[in-house]
1. Which residues, taken from region 81-121, are without any contact (Cβ under 8 Å) to a residue 24 or more places away in the chain, in a loop (DSSP other than H, G, I, E, B) and over 28 Å from residue 53 (Cβ atoms)?
2. With the requirement that a residue be farther than 12 Å from residue 115 by Cα and surrounded by 13 or more Cβ atoms within 10 Å (Cβ to Cβ), what does region 62-75 give you?
3. Could you look through region 34-49, keep only residues that are part of a helix (DSSP H, G or I) and within 11 Å of ligand 1 (Cβ to nearest atom), and pick out the one that is surrounded by the fewest Cβ atoms within 10 Å (Cβ to Cβ)?
4. Mind checking whether some residue in region 18-28 is surrounded by 20 or more Cβ atoms within 10 Å (Cβ to Cβ), more than 14 Å from ligand 2 (Cβ to nearest atom) and more than 19 Å from residue 137 (Cα to Cα)?
5. Could you run through region 53-103 and say how many residues are more than 16 Å from ligand 2 (Cβ to nearest atom) and in contact with a helix residue (DSSP H, G or I) (Cβ under 6 Å, 6 or more places away or on another chain)?
6. Within region 132-151, can one find any residue that is in a helix (DSSP H, G or I), over 25 Å from residue 19 (Cα atoms), at pLDDT 95 or above and away from ligand 1 (no atom under 16 Å from the Cβ)?
7. Is it true that residue 66 is under 30 Å from residue 164 (Cβ atoms), without any contact (Cβ under 8 Å) to a residue 24 or more places away in the chain and outside any strand (DSSP E or B)?
Ligand code: GNR
Ligand code: NI
């Protein structure tokens, strides 16, 4: 297994639209395992392939308290979304140290293929519902800051660009 580099906003590659995974082979299983290792190392609850600069429809998540329920979703599709909406504080490994409120469906159903290519459907609510909607957004090239006002988004962009410049200078 290997840890992958996570792209940081405002990297334009985060806006790439992922293509479907054609078949679940050894390369995809290895990518899923590397993404899980990367997600756990970064203490995230989810990670989309887009964030590690692979533009295929694959995400991993684990919203369990004990962090012992890894999930792999290949070619995920929302099949149902509750009318009920909920606002929750979100963060993103690609937008380090910024958190803000985002409104999403309170619960959703998702169809996907698992790590071994087996189809399954899952019902998600609470943090899992937030997370899976956030990850599917990444696969569409969308970062949660795009739900915020232009003013907030531009402030985040400026601060992260400044931080990236400072890190480069320190190297
Ligand atoms: O680790 C993460 N935590 C989180 C918290 C609230 C709402 C969404 C998330 S997803 C995020 C990991 C990440 O950036 N996934 O793309
Ligand atoms: Ni994210």
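1. Answer for region 81-121, where residues must be without any contact (Cβ under 8 Å) to a residue 24 or more places away in the chain, in a loop (DSSP other than H, G, I, E, B) and over 28 Å from residue 53 (Cβ atoms): 83, 84.
2. 62, 63, 64, listed by residue number.
3. Residues of region 34-49 part of a helix (DSSP H, G or I): 34-41, 49.
Among the residues that remain, those that are also within 11 Å of ligand 1 (Cβ to nearest atom) are: 35, 38-40, 49.
Details: 35: 27, 38: 21, 39: 26, 40: 15, 49: 25.
Per the criteria, the residue is 40.
4. Within region 18-28 (the criterion being surrounded by 20 or more Cβ atoms within 10 Å (Cβ to Cβ), more than 14 Å from ligand 2 (Cβ to nearest atom) and more than 19 Å from residue 137 (Cα to Cα)), the answer is yes, since at least one residue qualifies.
5. Narrowing region 53-103 to residues more than 16 Å from ligand 2 (Cβ to nearest atom): 56, 64-70, 72, 74-75, 77-87, 103.
Subset that is in contact with a helix residue (DSSP H, G or I) (Cβ under 6 Å, 6 or more places away or on another chain): 56, 70, 72.
Here the count works out to 3.
6. First pass over region 132-151, keeping only residues in a helix (DSSP H, G or I): 132-139, 144-147, 150-151.
Among the residues that remain, those that are also over 25 Å from residue 19 (Cα atoms) are: 150-151.
Filter again for at pLDDT 95 or above, leaving 150-151.
Within this subset, residues satisfying the condition of being away from ligand 1 (no atom under 16 Å from the Cβ) are 150-151.
For region 132-151, residues in a helix (DSSP H, G or I), over 25 Å from residue 19 (Cα atoms), at pLDDT 95 or above and away from ligand 1 (no atom under 16 Å from the Cβ): present.
7. Spelling it out, it is not the case that residue 66 is under 30 Å from residue 164 (Cβ atoms), without any contact (Cβ under 8 Å) to a residue 24 or more places away in the chain and outside any strand (DSSP E or B).
The values are calculated or read from the model by the stated rules, or taken from the named source; none is laboratory data. All figures in this text were calculated on a predicted structure; none of them were measured in a lab. In this analysis, Cβ positions are derived from the backbone assuming ideal geometry, glycine residues included, and neighbour counts consider all displayed protein chains.
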